[in-house]
Amino acid sequence: MSKKAYYITTAIAYTSGKPHIGNSYEIVLADSIARFKRQQGYEVFFQTGTDEHGQKIENKASDAGITPKEFVDKVAGEIKSIWDIMNTSYDKFIRTTDAYHEKQVQKIFKKLYEKGDIYKGYYEGLYCTPCESFFTASQLVDGKCPDCGREVQPAKEEAYFLKLSNYTDRLIEHINTHPEFIQPESRKNEMMNNFLIPGLQDLCVSRTSFKWGIPVDFDDKHVVYVWLDALSNYITGLGYDADGNHGELYKKFWPADLHLIGKDILRFHTIYWPIMLMALNIPLPGQVFGHPWLLQGDGKMSKSKGNVLYADDLVDFFGVDAVRYFVLHEMPFDNDGVITWELMVERMNSDLANILGNLVNRTISMSNKYFGGIVNNAGVKEAVDEELIELALKTPEKVVAKMEQLRVADAITEIFTLFKRCNKYIDETTPWVLAKDTEKHKRLETVLYNLVESICIGASLLESFMPDTAAKILRQLNTKGRTIDELGQYGVYPSGARVTENPEILFARMDLKEVLDKVEEGKKAEVKETEIPGKVKKPAESGQSAVDIPVQEEIAYDDFAKLQFQVGEIIACEAVPKSKKLLCSQIKIGNQVKQIVSGIKAYYSPEEMVGKKVMVLVNLKPVKLAGVLSEGMFLCAEDENGGLALIVPEKNMPAGAKIC
């Protein structure tokens, strides 16, 4: 029997800069839902990606002195890297600069124009460049953009419009007859009362004041407005074709089961997007969930406030699963959540190190100490066992119920309630006392079996939220994770199995003062960078205009001629594990790809490396550095203080070009 299909999407991230932890929360939330659905037996398609057109990006690229495509290539690479750092299991990463997407957006625009749902006019209003949105004066809040609070500017230009009024009544009826369509409930009330019931103005869907967008193919003065372009990704990514020749993924997975988005873009996804779909005669998605914001301290994160936290920085301190746990568990269903260094350390110590880590470590250590690691169900039950077993059996049902409502934080709480009960069970049964009485060893075996079995159930449920941690626990218990269907019975762990001899510390307790001191040191040591993606961190100024170095022994031209230098394009880069200095880059040189390990981590991040054209010594004998094969060498310049900068071609040269 074929699996039931489930299609989940995130909002595609805007490529104006590096996403902070509040942006990264959404991809982790979506990943936890996607993983849980797979565990329930669904065939899941999980799509994310980047939104890459618009005036804001055109302006930022101009400021950086590069093309818009070069700009978005770098930022999209950085976004994808962070999504990967957070161990998210997306099936597709779409970019709105992908050729197939751009072609379909043009076809969608033309189809709606020919149908009469799009018409040409002109727009005069107040425009917010960061939000790519027009507003009337009555929609402003204190004279500023109602979405982001920034200044707006008067704007007037010729534009095409989507006739929202053609479908408003139909959309209101759909929302009223499908109460699950907009969640949480407060978001639905906001859309109905503030926008739909008062009446909608037709939506501007093209622009002429900038060029960085998908051209309207029948009117080249216009580019498709970013929201029609961006929203269409949910169907183009599946292989939707406006001519009707849809791909197999579209046939299998549309309509989407869940669009997961931030509450600030709810209007676009619950009003404009459904109306676009109605105009195209496409079924509407099952649900749009507008999640709350993750706030830094007591305010929304922004670079201008200087209160931005990034996922990769937090991972460096706490590890991937600890960050995943925090952002998932600390976000309420309907209200904004708060993240601070202090709260992170508190959760690390109390929940992860104490409740979970200590439980697993104690259970495995006692199994080894008393029975050589063998876990045997001797069947010597007492009344105290029943409460633990009952909770272990009910926890999967509770977690499923919470996840059906998208109450992810509550689902995690249910799992940790089971772990807490296991700790209490240890205190109640006192295994160290039982071990002293040989006549009670069978009882002790049963106690340890109950602990291992209950931990297995909890770890299996934890897989969707903390996948690496769950895998570590199950590996130490010498067993595999269970599907949701398999969690309906107790006593599945095979009696007589052996746990690991040396339990791993899952989470180490942290000292708050040490963490805060390191954070402060990092701020002081940080070299200020511009917001231009790919901008190199400058080495310290020497105060001199030139550097003298000793000339080495002369060589003959024939010796030099043996060295083969070519232009290489860095297509991927990552830090070398357990190395503070090394980066491992994949370099395209002509039609081949070489791997080069270089000691430049202090001067370039992996994200900054991707997309660069560099000068490469390609015929250097391969060597292993920190256990990783290196097949060449970059050319760099070094100042007198040891600061490094890659040597790059002055002009744009193809990968593989000979350097002579």
Select from the range 596-660 those GluC sites (Glu not before Pro) which occupy a DSSP coil region and have at most 11 other Cβ atoms within 10 Å, ordered by residue number. 650
Dipole check, the range 557-659, charges on Cβ (K,R +1; D,E -1), about Cα centroid: among 609, 645, 579 the Cα furthest to the positive pole belongs to 579
Once you charge only the Cβ atoms, +1 for Lys and Arg and -1 for Asp and Glu, what is the size of the charge dipole of the range 340-498 about its Cα centre, to the nearest 20 debye? 480
Of 402/442; 381/472; 420/440, which pairs sit farther than 31 Å apart, going by alpha carbon to alpha carbon? 402/442
Which percent of Cα-Cα pairs in the range 399-464 sits in each 5 Å bin, short to long? 4, 17, 21, 18, 13, 10, 8, 5, 3, 1
If the convex hull is drawn through the Cα atoms of the range 340-498, its volume per residue in Å³: 107
For the range 418-485 and the range 322-385, what is the separation of their Cα centres, given in Å? 11
Would you mind working out the magnitude of the charge dipole of the range 557-659 relative to its Cα centre, with +1 at each Lys and Arg C-beta and -1 at each Asp and Glu C-beta, to the nearest 20 Debye? 360
How big, on average over all directions, is the shadow cast by the Cα convex hull of the range 557-659, in nm²? 7.1
Euclidean distance of C-alpha centroids, the range 598-660 and the range 186-212, integer Å: 48
Which one of 500, 159, 108 has its Cα pushed farthest toward the positive end of the charge dipole of the chain, where Lys and Arg give +1 and Asp and Glu give -1 at the Cβ? 500
As a footprinting exposure proxy, order 511, 468, 229 by other Cβ within 10 Å, with the fewest listed first. 511, 468, 229
If you average the alpha carbon positions of the range 261-277 and of the range 14-68, how far apart do those two centres end up, in angstrom? 16
For P(r) over Cα pairs in 10 Å bins from 0, in percent, which listed value, [x] 3, 12, 15, 15, 13, 10, 8, 7, 5, 4, 3, 2, 1, 1, 0, 0; [y] 3, 15, 24, 26, 21, 10, 2, 0, 0; [z] 3, 13, 21, 22, 19, 13, 7, 2, 0, comes from the coordinates shown? [z]
Considering only the other residues whose Cβ falls under 14 Å of the Cβ of residue 369, what net charge follows from Lys and Arg at +1 and Asp and Glu at -1? +1
Charges at C-beta only: +1 for Lys and Arg, -1 for Asp and Glu. How large is the resulting dipole of the chain about its Cα centre, in Debye rounded to 20? 960
Within the range 603-660, which trypsin sites (Lys or Arg not before Pro) sit in a loop by DSSP and count at most 12 neighbouring Cβ atoms inside 10 Å? 651
With the cut-off at 1.5 for a/c, could you classify the range 1-105 from its C-alpha gyration tensor as rounded, prolate or oblate? prolate
Under 24 Å, Cα to Cα: Lys pairs in the range 29-80, sequence gap 8 or more or different chains: 8
Listed by chain and number, the lysines with an alpha carbon less than 22 angstrom from that of residue 513, same-chain partners under 8 positions apart left out, are 523, 524
Among 401, 430, 483, which residue has its Cα positioned farthest towards the positive end of the charge dipole of the range 340-498, with +1 placed on the Cβ of Lys and Arg, -1 on the Cβ of Asp and Glu, and the dipole taken about the Cα centre? 430
Counting only DSSP beta bridges with both residues in the chain, tell me the antiparallel percent, nearest 5. 70
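Read-outs throughout are calculated quantities, based only on the coordinates presented, and are distinct from any laboratory measurement. Keep in mind that this is a model prediction, so the values were computed, not measured. For neighbour counting, all protein chains shown are included, and Cβ atoms are generated from backbone atoms with ideal geometry for every residue, glycine included.
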